[in-house]
Amino acid sequence: MATPIGPLDYTRRLWVRLTLLVVFVFLYAPIATLIAFSFNDSRRNIVWNGFTLKYYEKALGNEGLIEAFANSLTIAVLSTLVSIVLGALVAVLLWRFRFPGKAGYEGVVALPIVIPEICMGVAMLAFFSRIGWPSDMVWPFNLSAIIIAHVSFSFPFVAVVVRARLEGFNRELAEAAQDLGATEWQVFRDVMIPFLRPGLVAGGMLAFTLSLDDFVITFFTSGPNTVTFPVKVYSMVRFSVTPEVNAASTVLIVVTVVMTAAALWMQHRAGMKAEEAAG
Amino acid sequence: MESWRRNPLVFWVTGLPPTAWLLLFFLVPLALVWVLSFAELRGVVEMEVTGTFANYVRALDPLYLQIFGKSFVFAGLTTLVSLVFGFPVALAIVFAPRRWRAVLLLLVILPFWTNLLIRTYALIAVLRTRGFVNFTLEWFWEKANAVLSLLGLGSFQLLGERFEPLELLYNNTAVVIGLVYVHLPFMVLPLYASLEKLDRSLIEAALDLGASQFRAFATVVVPLALPGIISGAILVFIPALGSFLTPDLLGGTDSQMIANVIERQFKSANDWPFGSALSFLLMYLTFGALALRALYTRRTAGQGRA
């Protein structure tokens, strides 16, 4: 500490440290208070009255909330599975082939990533109501419109992740397999897929969190019987701030943070393995 | 990379499913909205596509122009505030000791993993009149009053008769605070990426040649970080411009942005043609911003080659 601040020690300058402090308090104080006060034994939500889990019990007893949570998870799982397949196919297509109009095709694939959510939401609303997509099917088919919309915005993200992984693929491996008599399908299944697995997992996790988090597009595709967790929380939040919502939110925060951390860890581990194998 | 002709079967098997999906469940819906933007309302829900430009002309109405303007101001302010606070953060991360770097980066990204709605909700709980910010202020107010009483000044009520909570929610400031809260990581990450590549000896050279810290910062660090600044600005500006949730939950009646007007046309006002025209205008603005960035990167890339 006694050493003088060097000319490039920006991190040790007061103004930088103050900004860092302000930004992190700004980023974390709201979330921290939200989590802390989900355990607070007071409806007023401001004064600390002791630890309780009763709002978690209440949230668990709220059938609408549980149903919305189950819907969200179902949608996330199904849309992730489809997104992984479609995203991987696009990534392989763009990585492997030259074809006329490729630059334009790449632009169109990236389109769902860049257009404003609201535009995509109203497009989905207009589309499903115009073609008369049935909304009264049995579970889980009543969620199909939402699942389709989620696949449309998440598979391009999967494609980006998988393609990044493909950049590191040694084409000679596939060629060697083919020289040894493997068919296209065998090369794909036994050489490409194992290599791509970390990318597929990471892309899948990304698609899963994107789906679980989405509010705007779901808001336009969900009906009264297909409420998802964010849509339910939205309707609750409009009325008031309650510890129950705090508890439910805390559960969702924990789920997404754990999922993302797991995805990063897996990617990291796969990277380490690849380094070991290479080195 | 091989030509698709060498292996047409594999080409079609990999290409067809995603392309068909994209076409059917993304491009067709978008095209439908585009077509609807040239339609006229007939009755309550009936629409007829007449090729009219009336919906676009209506968007030029001062009422809506003002909302477009406001959205631009909100998104611009959000970008500016994010830059002002994001730059020192990125700088601190780049020049931090190696083991701290990953931790600080993670701390910037972590809130980004939590649901947008939940983060906005958390902000409501903090900013509302009976929220923590006001609660903290009230606590200070009481303490200050107690000190004044001790000094024998209690009867003058120097700080007002009672604590007046600040109206922090449901106004334009709340919207900008909320937008910055949500978009700050988008600014820090590209800034970090470009500052990380920065050649430190250039700053040292400037300092050795007698430039002040400020001058070295303004004439060396900032220009070299410009690609990151531009990327960050675009990454913050575009989603901020199309925000729906933040103005909806944190804003007042006069803090509507374009997305809120679009939502209203499709839900309560039931004027889909006008809503469609507005959403295509928003999309054109988005593409415009992206094109500006593409132009900039192409120009700088050209300079690099020359």
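The values are calculated or read from the model by the stated rules, or taken from the named source; none is laboratory data. All figures in this text were calculated on a predicted structure; none of them were measured in a lab. So basically every Cβ, Gly included, is an ideal-geometry build from the backbone, and we count neighbours across all protein chains shown.
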Inset, instruction - Determine which single condition A:Asp9 fails, assuming it passes every other condition in (1) closer than 30 Å to A:Ile146 by Cβ; (2) modelled with pLDDT under 85; (3) acidic (Asp, Glu). - result: (1)
Inset, instruction - Kindly indicate whether B:Leu166 is without any contact (Cβ under 8 Å) to a residue 60 or more places away in the chain, in a loop (DSSP other than H, G, I, E, B) and within 27 Å of B:Thr79 (Cβ to Cβ). - result: yes
Legend entry - Contacts under 6 angstrom Cβ, first residue in region A:9-20 being more than 7 Å from chain B (Cβ to nearest Cβ), partner β-branched (Val, Ile, Thr), 6 or more apart: A:Arg12/A:Ile5
Legend entry - Conditions (1) more than 26 Å from A:Trp15 (Cα to Cα); (2) at the interface with chain A (Cβ under 7 Å from one of its Cβ atoms); (3) in contact with a Lys or Arg (Cβ under 9 Å, 6 or more places away or on another chain); number of the one not met by B:Asn134: (2)
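Would you list the helices (runs of 4 or more DSSP H) that sit entirely within region B:1-67 and hold 3 or more residues that are in contact with a strand residue (DSSP E or B) (Cβ under 9 Å, 6 or more places away or on another chain) and at the interface with chain A (Cβ under 10 Å from one of its Cβ atoms)?
Numbers: elements: B:8-22, B:28-36, B:54-58.
Because the criterion is at least 3 residues that are in contact with a strand residue (DSSP E or B) (Cβ under 9 Å, 6 or more places away or on another chain) and at the interface with chain A (Cβ under 10 Å from one of its Cβ atoms), the helices (runs of 4 or more DSSP H) in region B:1-67 that meet it are B:8-22.
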Inset, instruction - Just give me the residues in region A:176-192 being β-branched (Val, Ile, Thr) and surrounded by 13 or more Cβ atoms within 10 Å (Cβ to Cβ), in sequence order. - result: A:Val187, A:Val191
Inset, instruction - Scan region A:85-93 and give yes if some residue there is modelled with pLDDT under 95, out of contact with any helix residue (DSSP H, G or I) (no Cβ under 7 Å at 6 or more places or on another chain), facing another protein chain (nearest Cβ under 10 Å) and assigned to a helix (DSSP H, G or I), otherwise no. - result: no
Legend entry - Count of region B:260-287 residues which are among the small types (Gly, Ala, Ser) and within 12 Å of chain A (Cβ to nearest Cβ): 4
Legend entry - B:Phe214 being closer than 30 Å to B:Thr297 by Cα, within 14 Å of chain A (Cβ to nearest Cβ), buried (at least 16 other Cβ atoms within 10 Å of the Cβ) and of a type in the set (A, V, I, L, M, F, W, C): no
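For region B:80-102, indicate whether the set of residues that are in a helix (DSSP H, G or I), under 26 Å from B:Gly242 (Cα atoms), away from chain A (no Cβ under 14 Å) and not small (Gly, Ala, Ser) is non-empty. Please lay out each step first, then the result.
Initial filter on region B:80-102 (in a helix (DSSP H, G or I)): B:80-94, B:98-102.
With the extra rule that they be under 26 Å from B:Gly242 (Cα atoms), the set shrinks to B:80-87, B:89-90.
This time we only want the ones that are away from chain A (no Cβ under 14 Å), so: B:80.
After this cut, where a residue has to be not small (Gly, Ala, Ser) as well, the list is B:80.
Yes - at least one qualifying residue is present in region B:80-102.
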Legend entry - Selection from region A:10-29 of residues that are within 21 Å of B:Val221 (Cα to Cα) and among the hydroxyl-bearing types (Ser, Thr, Tyr): A:Tyr10, A:Thr11, A:Thr19
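Does A:Pro230 meet the test of being modelled with pLDDT under 85 and either at the interface with chain B (Cβ under 9 Å from one of its Cβ atoms) or in contact with a strand residue (DSSP E or B) (Cβ under 9 Å, 6 or more places away or on another chain) (or both)?
Values: modelled with pLDDT under 85: no; either at the interface with chain B (Cβ under 9 Å from one of its Cβ atoms) or in contact with a strand residue (DSSP E or B) (Cβ under 9 Å, 6 or more places away or on another chain) (or both): yes.
No: the conditions fail for A:Pro230.
Every residue, every condition in (1) small (Gly, Ala, Ser); (2) under 27 Å from the mean Cα position of the chain (by Cα); (3) more than 7 Å from every other protein chain (Cβ to nearest Cβ), yes or no:
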site	(1), (2), (3)
A:Phe24	no, yes, no
A:Ala36	yes, yes, yes
A:Gly50	yes, no, yes
A:Leu65	no, yes, yes
A:Trp95	no, yes, yes
Legend entry - Residues being more than 20 Å from B:Ala240 (Cα to Cα) and either free of Cβ contacts under 8 Å to residues at least 60 places away in the same chain or basic (Lys, Arg) (or both) - total across region B:55-82: 6
Legend entry - Complete set of residues in region B:230-269 that are of a type in the set (Val, Ile, Thr) and crowded, with 19+ Cβ neighbours inside 10 Å: B:Ile234, B:Val236, B:Ile238, B:Thr246, B:Ile258, B:Val261, B:Ile262
